[in-house]
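Worksheet for the structure shown next.
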Amino acid sequence: MPISHRTFALAVIASLALPLAAQQPHKVTQEEVDRITRDAILIDTHNDVTSRTVAGYDIATPNKSGETDLPRMKGYLGAEFFAVYVGAEYVKDNHSANRTLQMIDTVRTDIIAAHPNDFVFATTADDIVRAHNEHKIAALMGIEGGHAIEDSLRLLRDYYALGVRYMTLTHFNTNNWADSQGDIDNPKIAHHNGLTPFGKDVVREMNRLGMMVDISHTADPTFYAALETSTAPIIASHSGCRAISSYTRNMTDDMIKALAAKGGVVQINFGCDFLSQRYFDDAKPLEASMREQYMAAMKIEDPAAKNAAIEKLRADFTAKLPPATLADVVAQIDHAVKVGGIDHVGIGTDFDGVGCVPPDLNSYNKFPALTRALLEKGYSAEDIKKIYGGNLLRVMRAVEQRARELQSTPALHTEITK
């Protein structure tokens, strides 16, 4: 039957109206925000509050100069990877293992055992889901700095046995087997063009154990070498997008694409210099101008006076340089999703490990604001659940499965005898 001119005209008008309707902004309700934030399993893959707890801070008390404390975690955070951070200074005289064990102990003793009603020790993806269902926070560990193993696969295995489930191959320092971003331009440092043969053995042994390989502090060649060597997905536990902020701790688009192609995730860092090119550019000269004052404050012997002096310098710094914002976090997430895909982006705040985070996203109780912003950006509830923790759970399960395959079929794995 021939179509009438009127019917045709109405069909054309309707087809034109559909895209306009699709462009209407989504009216986000607080009920929707609260439901999605509550239902999602928020997994933060990097938090440095352990550098405070190892010195005596009780995580259940207000953290007035940082981002992490139990009152602001409860009800919002599903799982925390506490940083087993081992500074480069511990390399001298082989004190790295000692410090690593102290940092592991502060997680297991000062956080989990001290607050059993709120934290539960976790090592697997299933443990995280179980903790969420029990309304507890899953507490996991990730070593920051591959020098922690003191060039020993035996120590690596010991750390896994104690509960460590990822290791950042380097910190700011190049070690004996992996190059760091932090000193890649230093001609006095012996570099390896990525990973040495032993460094590749470390990656393979991490695969065999079921420990995630983390490349957040590594030099670009180390990233590519680790990606090529690993037979399980790898992670960037606290990084960002170099296309938005040129800080070399961030990843290029090509790196994000390569990471995603092998199933990995980039976990977005909330440090202001990671988030904002404006902040990154303006911070460098300001830091240089205040360096002498900071060094003088560090020499103050009285702990209370020292902390007060440092806090004043931080306040002065912030007053002169406005921090990054919630919108910058959304921009980083959105860029990473556009480059790597919705299944390959997560959260790695670096809370209590960076000097500046957005004031409107400066702890876990502020995450409803991020949920709202992502919804208003056009992300669905399922998208947000993936970003908040679902993607990391998928990677953990893939790493665990690969370990089972390697352990059940030794021929699949290169024999390591070191």
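Summary of values
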read-out	value
Entries of Lys257/Lys320; Lys136/Lys366; Lys200/Lys284; Lys74/Lys386; Lys64/Lys386 with Cα pairs more than 25 Å apart	Lys257/Lys320; Lys200/Lys284; Lys64/Lys386
The chain: angle of helix 367-377 to the longest principal axis, Cα-based, in degrees nearest 10	40 degrees
Order by protection proxy (mean Cβ within 10 Å, highest first), peptides 273-281, 315-323, 394-402	273-281, 394-402, 315-323
Global size of the range 306-418 as Cα Rg and Dmax, reported in angstrom	19.9, 60
C-alpha long axis of helix 197-209 to longest principal axis of the chain, angle in °	60 degrees
Packing-based ranking, highest mean first, of 56-64, 129-137 given that Cβ atoms within 10 Å are counted	129-137, 56-64
Cα Rg, Dmax (largest Cα-Cα span) when computed across the range 60-180, Å	15.3, 45
Per-q log10 I(q)/I(0), the range 277-323, q = 0.19, 0.26, 0.28 Å⁻¹ (Debye; single scatterer per alpha-carbon; no solvent)	-0.61, -0.92, -1.00
Among 326-337, 92-103, the order from most to least packed when residues are scored by Cβ within 10 Å on average	326-337, 92-103
For the chain: relative contact order, % (alpha-carbon pairs under 8 angstrom, 6 or more apart)	19 percent
The chain - Cys residues lacking any other Cys C-beta under 4.7 Å	Cys241
Cα shape, the range 159-251, gyration tensor, a/c 1.5 rule	oblate
The range 27-114, relative contact order in percent, only Cα pairs under 8 angstrom and at least six apart counted	35 percent
Between helix 220-229 and the chain: long-axis angle, C-alpha atoms, 0 to 90°, nearest 10	80 degrees
Counted charge near Ala327, where neighbours are those whose Cβ lies closer than 15 Å (Asp, Glu -1; Lys, Arg +1)	0
Mean shadow area of the chain, taken as a quarter of the surface of its Cα convex hull (nm²)	26.3 nm²
Taking the range 106-231 and dividing mean pair separation by its residue count, relative contact order in percent (alpha carbons under 8 Å, at least six apart)	20 percent
DSSP-defined beta bridges in the chain - what % are antiparallel, rounded to 5	5 percent
Convex hull per residue volume in Å³, alpha carbons only, for the range 109-203	114 Å³
Extension gain from Thr248 to Asn94, taking 0.36 nm per residue of separation minus the Cα-Cα distance	52.6 nm
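Bear in mind these aren't lab numbers, they're just calculated from the coordinates by the rules spelled out. Note that the structure is predicted; figures quoted are calculated from it, not measured. Using ideal geometry, Cβ is built from the backbone for each residue, glycine included, and neighbour counts are taken over all protein chains shown.
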